[in-house]
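The values are calculated or read from the model by the stated rules, or taken from the named source; none is laboratory data. Quantities reported herein were computed from a predicted structural model and do not represent experimental measurements. Don't worry about glycine lacking a Cβ; one is built from the backbone with ideal geometry, like all the others, and counts go over all protein chains shown.
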Amino acid sequence: MATKKKIASIIDFFKKDIDFKSDIERFRTQSLIRFILIGILLLSLFMIKTIIDGTYSSLYVQSVILLILFLSLFLFRLGKHKFVGNFLSLFLILFESSSVFFNYSGDIPMNFMVDEFYLFIAFLVFTPMFASKWLVLVNTLIVIISSIIAFYFKKNAFPPEIVHTAAIGIGVYILSVIIVFIFSYLYTDILYKAISELHKKFKSEEEKNKELLQNAQMIRFQNEEIQIAKEKAEESNRLKSSFLSNMSHEIRTPMNAVLGFTEILKTTELNDKQEGYIKIIETSGKHLLNLINDIIDISKLESNQIKIEESQCHLNFLLNELKDFFILNLIKENKEHVKIKHNNGFNDNQDIIYTDSLRLRQILINLISNAVKFTDKGEIEISYTLNQDSMLLFSVKDSGIGIPKNELNMIFERFRQSDESTEKKYGGTGLGLAIAKACTNLLNGKIWVESVKEKGSTFFFTIPYKPVV
């Protein structure tokens, strides 16, 4: 149980949030804790090997060093990071220097010096990674002084013929240590600058990533809100269209009855006053029925209740039929001086195509009705041809009041006419062109208008050309 608590305590130690004053301090602290832990691990393995081999002479020294490392770990836990790094650096260099002094022997002097040289070099190079920079100078001086003292007191151990050579070796050794000291100082500056630059770059990238993540989350939330709003709007529009369609059906049924009985009353004997009343009822009823029919059509189109049903359609016959129908309308409206003509794009044996005849008729009726309404004199021309894109191009041209340029796109919107004066003078629901546009879209075509104020308008629309072979 106690062991588990100790392990948990060590884990908590590594999780502790240390407030570093600089990137260099962070690097030194992380290097120090790695150095201590690796040292404890390696020393523990050496001690186990020593016990197994039965060479207990070095066990005391290893135990002292292990105790020092655990003490350093405890001090580190108390927050004394800088002190621990400097203390370990001084302790280890003094310990190694003393071993050089006491173990220096003339039996294998050069091999021993080479081994110690490598050890000192490694230690001097890695000292700045966990200790203060000034300790590199102190450790270098300790190495040099300890080497000189060791040689001075141990030179009698060398054979006379190699004393001079050993002195030269010590000189080279000291010079090498000085060179390593200079290198260590230089590489430390480079290392610290590199660490600072990398940390700044990392911080910058981290901030950018955080900002990108926040922007991505914001965009995702906005898209979700837009999608929800879009779905609500579509549902609201669908419900509204469904409501209008149902209500229009409910109103149209009694309105047909009113118009039917009006026709019956016209066949009875009526005085002039009664005939006037009947005419008002009939005119108002037909106007209301047209309004209801338009609302039903636009509601069905917007709620996707209308499906395209293609069949054979005789274009020349259709245009001729519509021309005759509207000639009668012009007579009823006392516009006999307005002429209607049509130009066939194909011969009678080539004008049969596959399309939805009902929707094509509806588009043409709405456009021609519009032309008849706004044309008091002149002519209305209906025509079709095959354009360069292999699409049938229909046109309805009139010599009516025309449309201002800035209102050409607006007139295809629901319940919109070019201006209020037009609506008051000519009436209408403002749905005819919207229905024509919706039907054109269903047929995979396009609709547009060209117009000059007071000179007339030409409405164009296209549908796919599918000839009957």
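Please state which one of LEU315, LEU301 is under 48 Å from the mean Cα position of the chain (by Cα), under 30 Å from ILE401 (Cβ atoms) and touching a residue at least 24 places away in the same chain (Cβ under 8 Å).
Residue meeting the stated conditions: LEU301.
Across region 359-386, which residue is nearest to the chain's Cα centre (by Cα) among those that are in a strand (DSSP E or B) and among the β-branched types (Val, Ile, Thr)?
The selected residue is THR385.
Considering region 436-456 alone, what residues qualify as being small (Gly, Ala, Ser) and within 16 Å of ARG414 (Cα to Cα)?
The answer is ALA436, ALA438.
Can you give me the number of residues within region 387-404 that are part of a loop (DSSP other than H, G, I, E, B), under 23 Å from LEU328 (Cβ atoms) and charged (D, E, K, R)?
Here the count works out to 1.
Given ILE295, ILE278, which one is under 23 Å from GLY430 (Cα atoms) and in contact (Cβ under 8 Å) with a residue 12 or more places away in the chain?
One residue alone meets the criteria, ILE295.
Being under 57 Å from the mean Cα position of the chain (by Cα) and under 22 Å from THR283 (Cβ atoms) is the filter here, so list the residues in region 323-358 that pass it. Walk me through it before giving the result.
The first filter runs over region 323-358 and keeps only residues under 57 Å from the mean Cα position of the chain (by Cα), leaving 323, 325-326, 340-358.
Passing the criteria: PHE325, PHE326.
Where in region 1-118 are there helices (runs of 4 or more DSSP H), lying wholly inside it, with at least 2 residues that are modelled with pLDDT under 70 and under 54 Å from the mean Cα position of the chain (by Cα)?
Result: 2-15, 23-53.
Taking region 252-271, which residues are farther than 23 Å from LEU291 by Cβ and touching a helix residue (DSSP H, G or I) at 6+ places or on another chain (Cβ under 8 Å)?
LEU270
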